[in-house]
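J.: Supplied in structure tokens, the structure appears directly below.
The values are calculated or read from the model by the stated rules, or taken from the named source; none is laboratory data. Only a predicted model underlies this, so the values are computations on that prediction, with no experimental measurement involved. Reconstructed Cβ throughout: ideal geometry from the backbone, glycine too, with neighbour counts over all protein chains shown. Note: areas computed on protein heavy atoms with side chains; ligands, DNA, RNA excluded. Shrake-Rupley method; radii C 1.70, N 1.55, O 1.52, S 1.80 Å.
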Amino acid sequence: MKVLVTGAGGFLGSRIVDSLLGLGVKSVRVHVRRTVPASLMQRWRGLSPDAEIEVVQANLLSRGQLQPLVSGVDCVIHAAAGMKGAAADMFANTVLTSRNLLEAACEAQVKRIVLISSFSVYKAADLGRGDVLDERVPIEPVGVERGAYGYAKTRQEHLFNEFRQRHGFEGVVLRPGVIYGPGGGALSSRVGLKAMGLFVSLGGPAILPLTYVDNCADAAAMAALKAQAGSVFSVVDDDLPTCRAYLKAYSREVERLRCIPLPYPLFMLASRLIVWYHRRSKGQLPALFTPYVVKSMYQPLRYSNAALKALGWTPRVSTREGMARAFAFFREALKKG
């Protein structure tokens, strides 16, 4: 079985290659935009000395030119996506790249495709305080109210489903929560935001849906090899902290932060004022935090990984150990400047 991993040089993609090799896959094609660092190739060779690891450079925006990337592949794990930049950039690097890849993969008759989606596609605003967010919650019909990233990921997943229905490949979708670990971001916007030397704590008592990057990679690899066609999985770890507990641990272990808590009711009120002023000022103040976004991301919910566990997955790294590893990395990064 030959597996292609897109975005294999990235934070999650490189670990998915690790997990595939750890599960015994002997033929992996890694997609990168430019080159693979020598240290990364050495790591993969060390994990499986007898595996065939093929590197293919490709720009996924190059429509009609991706046949060499997908030719001869049995399974694609599509982890590449636009995470930063302007809304147009995120859309292009998430939706257009996925369209181009899916067109090429379907033409090459790839049997199985695994999409790495996101929690941001869930229609969480319909849930009430304390409800469980899992695979039974529908995804946003459009996603534009969830902001640029949420819209791009929602459109990507709808596009994936359209291609799957039209071409009949075995499609599997993973929706990770907040992926974290060494090399990733330190403070999710679900926890809060830095502003003018202060940290505004937004999540407070809400549970933070963390998944350690190695655990998420294991889930992707296992889904590629074992999941039934049409399966969807939420990816979160066990023993999840609240946003407040995570922030307190970060402040203790990494750097002292001057925190200002913004309770959920006040946050919701502020979001309404932001929208009012956005309209009154004709867009001078961006309406990033609308009531819909606040309800979708910041109200206290519960999360389940039962579907993944039924597949045989279990978190390889505990939340306690994952946070310790991540905080040690962030602390050293701060020291180095």
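J.: Kindly indicate which of Val200, Val254, Val232 is out of contact with any strand residue (DSSP E or B) (no Cβ under 6 Å at 6 or more places or on another chain), among the β-branched types (Val, Ile, Thr) and open to solvent by 10 Å² or more (accessible area, probe 1.4 Å).
T.: None of the other options fit; the residue is Val254.
J.: On to the next question. Considering the stretch 127-160 alone, what residues qualify as being touching a Gly at 6+ places or on another chain (Cβ under 6 Å) and under 24 Å from Arg112 (Cβ atoms)?
T.: Thr154
J.: Moving to a separate point now. When residues of the stretch 200-240 are filtered for being part of a strand (DSSP E or B) and on the phi > 0 side of the Ramachandran plot, how many remain?
T.: Matching residues across the stretch 200-240 total 0.
J.: Moving on. Please pick out the residue among Arg166, Arg155, Arg146 that is among the basic types (Lys, Arg), open to solvent by 30 Å² or more (accessible area, probe 1.4 Å), more than 23 Å from Gly322 (Cβ to Cβ) and in contact with a helix residue (DSSP H, G or I) (Cβ under 6 Å, 6 or more places away or on another chain).
T.: Among Arg166, Arg155, Arg146, only Arg155 is among the basic types (Lys, Arg), open to solvent by 30 Å² or more (accessible area, probe 1.4 Å), more than 23 Å from Gly322 (Cβ to Cβ) and in contact with a helix residue (DSSP H, G or I) (Cβ under 6 Å, 6 or more places away or on another chain).
J.: Which number in (1) without any contact (Cβ under 8 Å) to a residue 60 or more places away in the chain; (2) surrounded by 14 or more Cβ atoms within 10 Å (Cβ to Cβ); (3) among the basic types (Lys, Arg) marks the one condition that Arg99 misses?
T.: Every condition holds for Arg99 apart from (1).
J.: Continuing with the same structure: Show the residue pairs meeting these rules: Cβ distance below 7 Å; 6+ apart or different chains; first residue within the stretch 192-220 and within 27 Å of Pro263 (Cβ to Cβ); second residue of a type in the set (Lys, Arg) and open to solvent by less than 40 Å² (accessible area, probe 1.4 Å).
T.: Note: pairs meeting the criteria are Gly203/Arg190; Leu208/Arg190.
J.: Val5 is checked against (1) at pLDDT 95 or above; (2) in contact with a Gly (Cβ under 7 Å, 6 or more places away or on another chain); (3) open to solvent by 40 Å² or more (accessible area, probe 1.4 Å); (4) not aromatic (Phe, Trp, Tyr) and fails just one. What number does that condition carry?
T.: Just one mismatch for Val5, condition (3).
J.: Also: Do any residues in the stretch 102-114 that are within 24 Å of Ala217 (Cβ to Cβ) have Cβ atoms under 8 Å from those of residues that are among the basic types (Lys, Arg) and open to solvent by 10 Å² or more (accessible area, probe 1.4 Å), where the two are at least six apart or on different chains, and which pairs are they?
T.: Listed by first residue and then by second, the contacts come to Ile113/Arg164.
J.: Are any residues in the stretch 270-286 surrounded by 16 or more Cβ atoms within 10 Å (Cβ to Cβ) and among the small types (Gly, Ala, Ser), and if so, which ones?
T.: Ser271
J.: Across the stretch 1-24, what is the total count of residues that are without any contact (Cβ under 8 Å) to a residue 60 or more places away in the chain and assigned to a loop (DSSP other than H, G, I, E, B)?
T.: Total meeting the criteria: 2.
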